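Data first, discussion second: the structure below is written as structure tokens.
The values are calculated or read from the model by the stated rules, or taken from the named source; none is laboratory data. Just so it is clear, the structure is predicted and the values come from calculations on it, not from any experiment. Quick reminder, even Gly has a Cβ in these numbers, built from the backbone with ideal geometry, and neighbours come from all protein chains shown.
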Amino acid sequence: MGEAAITVEGLGKRYLLGEVDALRGARMLVASAVSRLRGRGMARDGGRDAIWALRDVSFEVRRGEVVGVIGANGAGKSTLLKILSRITRPTTGHARIDGRVGSLLEVGTGFHPELTGRENVFLNGAILGLKRAEIRARFDEIAAFSGVERFLDTPVKRYSSGMHTRLAFAVAAHLDPEILIVDEVLAVGDAMFQKRCLEKISEVSDAGRTVLLVSHRMDAIRRLCRTVILLEEGTLVFNGEPEAGIGKYLGDAGLNASLDDRGSDLGKPVHIRSAQLVGPQGLPCTVLSRGQPATVELLYEINRKVEGAYVFARLLNKDDVSIFATSDCDTGDALPRVRTPGIYTASFALPTGLLNEGDYSINFWIGMPFNITHDRVPSALRFHMHDPRTGGGPDHIRARGVIVQEIEWNTVRAP
């Protein structure tokens with residue numbers, strides 16, 4: 001690791017609600033500047049409400065480091081990347097960038113819609129300061145990586161969102177920027193293109209370049225990043241090891257602590273001790289890809305002879321809507337009605353092929369249906385389901401419901 005490639009100090013970005021005429025906008029800018037000089041913040045400007053997309057964010061990225069930026073929608077991730085890419089001016093603070101920046105933000109950024117794909121490749125290279133001969137030397141590689149060779153002489157306004165993003169990523173990654181800033185490229189395209197993106201980001205990092213990556217794919221963040229920055233409602237709440245940051249984002253860290261803090265309660269007849277989601281490699285995980293094998297495991301202790309210590313699990317989506325419930329009492333006579341003291345494990349295979357992309361939680365309850373509760377832990381497990389088939393625009397059209405039901409269609413032409 002060398003010196004800092006990106007230094008962010010006290011960064012803040014404020015947006016005003018509603019339209020403002022030019023004269024009034026100029027007056028408000030002057031008032032805002034005077035206020036900052038006097039050391040006072042402005043919650044409202046001219047009686048108008050203001051929203052802070054970022055507030056007092058500070059961090060440093062060392063040269064050659066790959067840093068993941070994670071957080072919920074609206075946390076300020078895209079605003080941060082726009083400021084670092086010099087597309088948006090900050091309201092407070094500043095960001096120092098040491099090196100040539102290649103950015104891939106939302107679809108449409110950086111490409112002129114009236115120009116062809118070929119013309120946009122050369123335009124982006126020129127913006128990065130490359131000579132035409134240098135761009136021409138990399139052109140065939142860019143075209144092959146993007147997979148849109150047939151359409152390079154078509155105006156990009158006619159591209160689908162997937163085609164647009166594939167070409168934009170190919171340009172950003174192959175023109176050798178010293179700092180690569182990528183916002184959610186892994187959400188567009190098929191599984192093979194996403195795999196190529198991951199490999200290219202690794203290659204860029206291995207070459208000693210700096211990468212700032214925004215993604216909702218926690219498996220990619222784990223694989224690529226040495227550091228994770230977590231944003232919540234515009235503020236930086238974590239900057240450190242990826243596993244700890246991902247755990248905090250998914251609610252896993254606090255949840256595990258709550259299970260551990262329960263200890264061994266001998267005053268209760270039944271006590272839930274731990275729960276985990278085991279992924280395809282046989283290791284605990286918080287992120288799964290749709291269709292991967294996964295097992296839910298629960299460890300509980302019975303302290304004295306009880307009747308009806310059956311385990312119930314309920315899967316819920318991020319809005320706390322129940323998706324399904326299951327219980328080991330469904331096994332019939334396999335479990336005795338009266339249970340003796342000891343430590344027990346219960347597990348079931350999670351039907352990952354049923355679930356659409358999103359965040360989920362699992363509640364556990366032990367007792368006798370309808371009349372006895374021995375122990376319960378709401379949201380004992382949290383995890384994120386990723387669907388690598390999810391794309392954007394015309395490339396991939398699919399329902400955005402909670403579950404995925406594979407239905408075979410039979411289409412015939414009417415006589």
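Against the definition (of a type in the set (D, E, K, R), more than 22 Å from the chain's Cα centre (by Cα) and in the same structural domain as Ile229 (by TED's automatic domain parsing)), how does Arg86 come out, yes or no?
So Arg86 passes the test.
Of the residues in segment 57-100, how many are on the phi > 0 side of the Ramachandran plot and surrounded by fewer than 15 Cβ atoms within 10 Å (Cβ to Cβ)?
Count: 3.
I need the full set of residues from segment 323-344 which are within 21 Å of Leu355 (Cβ to Cβ) and at pLDDT below 80, in order please.
Asp330
State whether the residues of segment 246-262 include one that is assigned to a helix (DSSP H, G or I), of a type in the set (Ser, Thr, Tyr) and modelled with pLDDT under 75. Steps first, please.
Taking segment 246-262 and keeping what is assigned to a helix (DSSP H, G or I), we get 246-250, 252-261.
Within this subset, residues satisfying the condition of being of a type in the set (Ser, Thr, Tyr) are 249, 258.
Within this subset, residues satisfying the condition of being modelled with pLDDT under 75 are 258.
Scanning segment 246-262 turns up at least one residue that is assigned to a helix (DSSP H, G or I), of a type in the set (Ser, Thr, Tyr) and modelled with pLDDT under 75.
Do any residues in segment 226-250 that are more than 15 Å from Thr286 (Cβ to Cβ) have Cβ atoms under 6 Å from those of residues that are surrounded by 22 or more Cβ atoms within 10 Å (Cβ to Cβ) and basic (Lys, Arg), where the two are at least six apart or on different chains, and which pairs are they?
Correct list of pairs: Leu231/Lys77.
Kindly indicate the residue of segment 75-92 that is among the charged types (D, E, K, R) and not in a helix (DSSP H, G or I) and also farthest from Gly234 (Cα to Cα) among those meeting that condition.
Of everything passing the filter in segment 75-92, Arg86 is farthest from Gly234 (Cα to Cα).
Could you tell me which of the residues Pro177, Pro113 is of a type outside the set (Val, Ile, Thr), assigned to a loop (DSSP other than H, G, I, E, B), closer than 20 Å to Leu198 by Cβ and in the same structural domain as Lys200 (by TED's automatic domain parsing)?
Pro177
Have a look at Gly2, Gly74 and point out the one that is closer than 29 Å to Lys248 by Cα, at pLDDT below 80 and in contact with a Lys or Arg (Cβ under 6 Å, 6 or more places away or on another chain).
Answer to the check: Gly2.
What strands (runs of 3 or more DSSP E), lying completely within segment 275-381, carry at least 2 residues that are exposed (fewer than 15 other Cβ atoms within 10 Å of the Cβ)?
Because the criterion is at least 2 residues that are exposed (fewer than 15 other Cβ atoms within 10 Å of the Cβ), the strands (runs of 3 or more DSSP E) in segment 275-381 that meet it are 322-327, 342-349.
Identify, please: which residue in segment 363-415 is modelled with pLDDT under 85 and among the aromatic types (Phe, Trp, Tyr) and is, among those, farthest from Leu277 (Cα to Cα)?
Trp409
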